[in-house]
Amino acid sequence: MVERGHKPGPLAAPAAASDAPTGAVDVTSDRVTLSLPSGESAEILLYGATVVSWKTADGAEKLFLSDKAVLDGTKAVRGGIPLVFPVFGPPPADHATSALPQHGFARTSVWNVLGSDTSIPSSVSVELGLSADSLAPAARAAWPHEFILLYTVTLTAASLGTKILVRNTGAAAFDFKLLFHTYLRLADAGAAAVTGLNGVSYADKVAGGATATETRDEVTIPGEVDRVYRDVPGAVVVKQDGTPVYSVERSGLPDVVVWNPGEQAAAKMGDFGPADGHRSMLCIEAGAVAEWVVIEPQAVWEGGVAVAAV
Ligand code: BG6
């Protein structure tokens, strides 16, 4: 069971191995801020364990956060890194998740701070937890499985790591999908390209779920794109005007969703802004979503992704 914290206070930092300055973890009632002596920072809301900011040492924001994003805990955050679990997209009517909202409850639940690590100067991390007994009653009733999620966010000089562990603490198996819905900030999505997908089969949600195999070395974003690439073999790299700007490396997460709403779908979202914000973002979502993951009682499953700003 993950204990529900009362009011999280500052966490005691373990003694540093040397006198070198270490990173800091600042916990307030609604968020955790990670920072490194070299200037990088990340901010994570306890609501949804949503990473809402990741800045490199030069102060550049690497995540897109809608300027209409609702941050008061009444709606999933439009931007940053919402966590998708235990269902991806609209729940299928014939599945155990059918009564859950789109993308599940992880992104709309309040998570607990479990611990942090500042023991080495070049890295700082926080661990957040969510368990069945800390869910809101509606989510608990809609999906009555016993589970623990342990979520570690790690900031280093060049990367942001997000890693999750799922444990089935109940007596029956269940199945789930999970995804890090990472909104990367771009200078111009219209001049961006994604590599690492050639030869990979995908379902095109814009084309009603039609499946095909990618034949391009560089996948461009001319407008609305919503594709679930299945079993992607290696790192995915995002280029801006031909220059690599992000490298996305996964472990235990076979699939990659590439999503940009384009102008029209963005305009239909009440919480998406500015009006041309779709040009400043591209979601590269690492996950296990093409197939359900079955987890047996007391078993553990792990997946993680590291996004490097290159
Ligand atoms: C993506 C899906 O992961 O999330 C899209 O592939 C979806 O189909 C998008 O539109 C945003 O979902 P939501 O629930 O945050 O509006």
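Restricting the calculation to Cα atoms, every distinct pair contributes to the Kirkwood radius of the chain, found to be 19.8 Å. FRET efficiency for the ALA299 to ALA157 pair, using the beta carbon distance and R₀ = 41 Å, is estimated at 0.75. The apolar share of the surface of the chain, taken as the fraction of accessible area on carbon and sulfur atoms (1.4 Å probe, ligands and nucleic acids excluded), comes to 53 percent.
Treating only the Cα positions of the stretch 169-255 as identical point scatterers, give the base-10 log of I(q)/I(0) from the Debye formula at each q in 0.17, 0.20 Å⁻¹. Results for the stretch 169-255 at q = 0.17, 0.20 Å⁻¹ read -0.78, -1.04.
Charged neighbours of ARG230, selected by a Cβ distance under 11 Å, balance to -3 (K, R count +1; D, E count -1). What whole-number value in Å² describes the accessible area per residue of the chain for a 1.4 Å probe? I get 41 Å² per residue for this part.
Of the peptides 34-45, 172-183, 208-219, 189-200, the order by per-residue mean of other Cβ atoms within 10 Å, starting with the highest, comes out as 172-183, 34-45, 189-200, 208-219.
Remark: relative contact order (the stretch 159-229) = 28 percent; criterion is Cα-Cα distance under 8 angstrom and separation of 6 or more residues. Basic side chains Lys and Arg get +1 at the Cβ, acidic Asp and Glu get -1 at the Cβ, and with that the dipole of the chain about its Cα centre reaches some 400 debye.
Over the C-alpha atoms of the stretch 59-121, the Rg to Rh ratio, Rh being the Kirkwood estimate, stands at 1.09. Taken over the stretch 182-310, the convex hull of the Cα atoms encloses 122 Å³ per residue. For the stretch 241-310, averaging the sequence separation of C-alpha pairs within contact (under 8 Å, six or more residues apart) and dividing by the residue count gives a relative contact order of 53 percent.
Relative to the Cα centre, what is the charge dipole magnitude of the stretch 157-310, using +1 at the beta carbon of each Lys and Arg, -1 at the beta carbon of each Asp and Glu, and rounding to the nearest 20 debye?
Approximately 220 debye in magnitude.
With K and R counted +1 and D and E -1, the other residues having a Cβ less than 11 Å from that of VAL32 yield a net charge of -3.
Neighbours of ASP58, meaning other residues whose beta-carbon lies under 14 angstrom from its beta-carbon, give a summed charge of +1 when Lys and Arg score +1 and Asp and Glu score -1. Greater than 22 Å separation of Cα atoms is the criterion. Which listed pairs, LYS205/LYS268; LYS55/LYS75; LYS75/LYS205, meet it? Cα-Cα > 22 Å for LYS55/LYS75; LYS75/LYS205; rest within. For the stretch 151-310, the relative contact order comes to 35 percent (Cα pairs under 8 Å, sequence separation of at least 6). The length gained on full extension between ALA207 and ALA93, counted as 0.36 nm times the residue separation minus their Cα-Cα distance, comes to 38.9 nm. Partners of LYS62 within straight-line reach, counting aspartates and glutamates whose Cα lies under 17 Å from its Cα and excluding those fewer than 8 residues away in the same chain: GLU40, GLU43, ASP188, ASP241, GLU249, GLU285.
In plain terms, the chain from ARG216 to GLU146 could stretch by 20.9 nm, reckoned as 0.36 nm per residue minus the Cα-Cα distance.
Multiplying the residue separation of ASP30 and ASP67 by 0.36 nm and subtracting their alpha-carbon distance yields 11.4 nm.
The values are calculated or read from the model by the stated rules, or taken from the named source; none is laboratory data. No experiment lies behind these values; they were computed from the predicted model shown. Virtual Cβ from ideal backbone geometry, glycine too; neighbours counted across all protein chains shown. With ligands, DNA and RNA removed, areas are computed over all heavy atoms of the protein, side chains included. Shrake-Rupley method; radii C 1.70, N 1.55, O 1.52, S 1.80 Å.
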